[in-house]
Amino acid sequence: MKRVLKQVFVSYSCHMRWDSLFDDLEAQMAEQDRAQMRDEISENIRIERSTAELIHTLSRFQGQELTIHLSGESEVRAALGPIAVDYLCLESESTQWVITNRVIQSISLPSKNGAGIDRRRQIKSIRFSSVIRSLLRDRSRCQVYGHDGRALAEGTLAQVAKDYLMIAVHPRDEFARAGDISGRLLIPLDSIGWVVATKLN
């Protein structure tokens with residue numbers, strides 16, 4: 001009885017076709033993964049930009065000079081200091097500004113970001129009245145402006161209460177001596193657009 005030997009023929013061209021097919025499929029899957037990742041990144045950027053707040057955007061420029069355009073065609077150029085949710089602070093060598101967001105018309109930003117967020121200078125939980133109260137302790141000469149940019153008062157802060165301040169009116173560049181005070185003005189904090197404090201030598 002003769003034994004029949006089966007010969008198995010391997011088609012190398014068939015293997016090559018399968019390899020090519022799977023290579024194409026893997027390339028398509030990789031491209032789909034990259035496209036999906038690009039879409040996810042774009043969506044995340046869109047969400048981040050749509051939910052960004054002024055305080056977080058400005059935090060990148062702390063310590064740099066900004067030009068802020070205010071109500072009444074007023075303009076301030078100074079270094080950006082602490083930032084809160086509803087106001088920001090600017091500072092120069094001898095002058096400080098506390099500006100509420102409601103009177104800011106626009107902000108000219110530097111071409112480059114600063115060093116980043118300084119958590120000590122991001123004071124979102126500190127109330128506007130508390131910051132104004134710190135000016136009272138400094139005994140600085142203050143100018144108070146309303147929402148429309150008009151000057152409300154000039155002098156030295158005499159009291160900062162929960163919802164108002166009182167300012168002693170006296171000649172500019174003079175300390176608030178009893179004989180020089182010509183009157184006292186009470187101003188509701190809600191009426192204030194910004195305060196400028198200048199240190200006297």
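The values are calculated or read from the model by the stated rules, or taken from the named source; none is laboratory data. It should be emphasised that the depicted structure is a prediction, and the values quoted were computed from it without experimental measurement. Reconstructed Cβ throughout: ideal geometry from the backbone, glycine too, with neighbour counts over all protein chains shown.
Observations, loosely collected:
- Taken over region 128-142, the criterion of being over 16 Å from P82 (Cβ atoms) and surrounded by 19 or more Cβ atoms within 10 Å (Cβ to Cβ) is satisfied by S140, R141, C142.
- Close Cβ contacts (under 6 Å, 6 or more residues apart or on different chains) running from residues in region 128-141 that are at pLDDT below 85 to residues that are of a type outside the set (F, W, Y) and assigned to a helix (DSSP H, G or I) are absent.
- Selection status of S92, modelled with pLDDT under 90 and either acidic (D, E) or over 12 Å from the mean Cα position of the chain (by Cα) (or both): no
- Hits in region 99-122 (condition: modelled with pLDDT of 60 or more, in a helix (DSSP H, G or I) and in contact with a Gly (Cβ under 9 Å, 6 or more places away or on another chain)): R102, V103
- Within region 64-85, the presence of at least one residue that is of a type in the set (G, A, S), assigned to a helix (DSSP H, G or I), in the same structural domain as W194 (by TED's automatic domain parsing) and at pLDDT 90 or above is confirmed.
- Those residues of region 145-166 which are under 24 Å from E75 (Cβ atoms) and buried (at least 22 other Cβ atoms within 10 Å of the Cβ), in sequence order: Y145, A153, G155
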